[in-house]
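For reference, the structure is listed below as structure tokens.
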Amino acid sequence: MLFSKKNKRIWFYAGAIIAIFIVFYLLYRLYSYLFYSRATQNLIQNASIKPGSKTVMITGGSSGIGYAYSNALLTLGYKVVVVSKKTAKEKVKELQEKHPNLKDNIIGIIADVRNKKSMESAFKEASAFSPTGVLDVIILNAGINGEIFKDAENIIQTNLVGPIYGIELYVNQITNNLSRPADKDKGYQIIVTGSLASFVPVDMNLSPAYDASKAGIGQYVRGIRPFADRYNFRINAVCPAGMVYTNLTAPFIDTPEKKAGAYLYQNSEGRGGIMNPEQIVPGMLEVLTNKTYNGDLLAVQPNLGFIHRIEHRDENKAYIEYGKYDERDSYATKKFIDYAIFSKYMKNVNNNQN
Amino acid sequence: MRRNIENLEYYHLVNSSKTHILSRAHKHCGGTTTDIHSLMGCMFGYQKNIISEIEKLAELVRNNITNKTIMITGGSSGIGYAYSTALLNLGNRIVIVSKETAIDKARELADTYPEFAENVKGVIGDVRNRISMENAFNEASAFSPTGILDIIILNAGIDAPIFEAENIIQTNLMGVIYGIELYVKQITNNLTTPADPTKDYQIIVTGSVASFIPVDMNLSPGYDSSKAGIAQYVRGMRPFAVRYNYRINAVCPAGMVRTRLTQPFMDTPEKLASVTAYQNAEGRGGIMEPEQLVPGLLEVLSLPSYNGDIIAVQPNLGYPFRLEERDPANSYLIYGIYDERDSPATKEYIDYVINMYMTPPSA
């Protein structure tokens, strides 16, 4: 019945429709290939600077995501200061060998971000590496993971208080202890490495303190935005939205079975699979070059094709949908903050915004 | 999954009535002097079926939240003091832990409610200090007839200007984590056995609006960070809580509460006027009194379905509101709104890992 002469025509039409779909699909793939490669080229073009004109400090820059950042920014023309607890010098040597023509543009500093004094001296040393004496970008990326009931204190100190030390030092430097706004033309900025845990607890990690530290630093970034707006610097968190092959996730994949388990888990239910540290770089470059990002959390998961950002709120409503919106755009909030900042911190600065 | 306007309003209606009746029931059975009627704003009205539902809830509170030993950090002022008063009046044994005035405030409560004078105790302890916290915790446990606390409420918290973040994080985040760790270790025998399922052991943490969104007008990113951190800790601990038979939740006042913490915002008449205007603008619901948070607390304490939740309480706007559960088919499409909790792969993975922590009860 189905293949009778009568149905021949129907089969022909069905075949034609399928063929058209296939052609459209191939065209779509071709288009997206061209489009995405052009987007990447644009990103690199925008991020490239005159060699040696800007200096960036990267904590935890000796491995994982930080190392990928160091490598990328070095090749884009930045002077790079790698700060890490143990292997900063070795890794810098490795990068110098990789890029012999850029070997004067990178130094390594041994420091422990958990320790305020150590962080302070590293920060000073890093600032001295900049031709202007002030760092243009700091990337606070050092972080650890750990076990429940064992490492909470260490995790919070490293992932949350450590970056806060860095932010405080830097903001105090560029704003002269909050007494005046920073130089607007310089485009000073801070980039923090968040995590999926900045948005939702990573249940499979089973480390609530890690979740707390990353959500905490995410909220710090969002919370400091009123200052960032008024003091002319930018601060954002780049959050790898999934598992990345780094030292931090190594315990999840240190045996073949564990690796298989983690791989299966990360590829199920729309998680997009495990990422390479290099895959986070475009997200960081996007934040670095796009001036509209400020006080934003960016979820980066290139396998799923997104860079996601917390939405701005309706300016007439305060907090209807928790977690989704910021208070930033509310008129009353703006007024309240302007008053507080200009009366308390920037006493001698003219408030041009009113 | 998507709530439209109608059922959003219905939700508020249900919840505002619920909290209202709850507080009435609480007053009726406990006999507190606090006039909660006058504190309740934003009433939409009653419906018969809602009322019966609410009566059930009130019954639950009356039957379950009584004869328990409860430790409350920061219980000597503000929200903690309101909690202590309410829970004492429901017939519980209360241990107030605070840095300075715990003993005075415990005596004050004993004098105000002489029929419960035996049931309240004050312990001096500094939550920022692990050892001090441990001592206070041991002393509090000794006040319980079973030697184990039934509920701990970790409520002590501070606020400070920008760049004093370290102290805030130590108090609001680490201090709470110390308490949680001590308690969970006690009830689960260092994570080797699940806690007694008949007891309904619970941890309540005091969150804030900052657990959800940064409170921009506060201008203290360290505070935002600490409160968001502790909320994420609560959500992140849920896999353990479910498998070890205890509950952990964060009750988050979704707005400004008149306490010592918010005092710097209203210490002069002009400041008070400006902050009142701000809090009443743009749908914020106005400044709350500490007593208004009690019904939200009682709801969380008495309903076993709350676990690993962060609950926004703002009676003037009619919530308790709770983070939604996630669509089981999608893992994390909408950040910040859903939990990973419901995904089958996550469950399987966690079961496997936690089994390694637990020695089977027979072994």
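When the C-alpha to C-alpha distance is required to be over 29 Å, the pairs from A:Lys150/B:Lys99; A:Lys91/A:Lys184; A:Lys291/A:Lys347; A:Lys79/A:Lys347 that qualify are A:Lys91/A:Lys184; A:Lys79/A:Lys347. Around the amide H of A:Gly194, modelled in the peptide plane, lie the amide H atoms of A:Val238, A:Cys239, all under 5 Å away and 5 or more residues distant in sequence or on another chain.
Counts of other chain beta carbons within 10 angstrom of each beta carbon in peptide B:233-243 average 6. As a rough guide to protection, the peptides B:111-122, A:111-122, A:207-218, A:69-80 ranked by mean Cβ packing within 10 Å, highest first, stand as A:207-218, A:69-80, A:111-122, B:111-122. In terms of packing, defined here as the mean over residues of other Cβ atoms within 10 angstrom, the peptides A:27-33, A:283-289, A:96-102 line up highest first as A:283-289, A:96-102, A:27-33.
Rg/Rh for chain A (Cα atoms only, Rh after Kirkwood) is 1.06. For B:Lys68, the lysines whose Cα comes closer than 23 Å to its Cα, not counting residues fewer than 8 places off in the same chain, are B:Lys27, B:Lys56, B:Lys105, B:Lys121, B:Lys185, B:Lys199. Peptide A:194-202 has a mean shielding of 6, counted as Cβ atoms of other protein chains within 10 Å of each residue's Cβ.
A Gaussian network model of chain A, with springs between Cα atoms under 10 Å, assigns the largest mean-square fluctuation among A:Ala126, A:Ala14, A:Ala152 to A:Ala14. Here the sum of -39500 (n - 2.57) over DSSP H runs of 4 or more residues, divided by the residues of chain A, equals -14000 deg cm²/dmol at 222 nm, to the nearest 500.
Counting, for every residue in A:219-231, the Cβ atoms of other protein chains within 10 Å of its Cβ and taking the mean gives 6. Please identify, among A:Phe21, A:Phe227, A:Phe252, the residue showing maximal mean-square fluctuation in a Gaussian network model of chain A using a 10 angstrom Cα cutoff. The residue with the greatest mean-square fluctuation here is A:Phe21.
Peptides A:81-93, A:134-146 ranked from most to least packed give A:134-146, A:81-93, packing being the mean of other C-beta atoms within 10 angstrom over each peptide's residues. For a straight C-alpha distance cut-off of 18 angstrom, the lysines reachable from A:Lys344 (same-chain residues fewer than eight places away being disregarded) are A:Lys334, A:Lys335, B:Lys271.
Compute the Cα gyration tensor for segment A:37-76, then decide on rounded, prolate or oblate, letting a ≥ b ≥ c be the square roots of its eigenvalues: rounded whenever a/c is under 1.5, prolate when a/b is larger than b/c in the other cases, and oblate in all that remain. Since a/c reaches 1.5 but b/c is at least a/b, the shape of segment A:37-76 is classed as oblate. Under the criterion of Cα pairs below 8 Å and six or more residues apart, the relative contact order for segment A:35-87 equals 40 percent.
Read the figures in this text as sums done on the coordinates, not as results from a lab. All values reported here derive from a predicted model rather than from experimental measurement. So basically every Cβ, Gly included, is an ideal-geometry build from the backbone, and we count neighbours across all protein chains shown.
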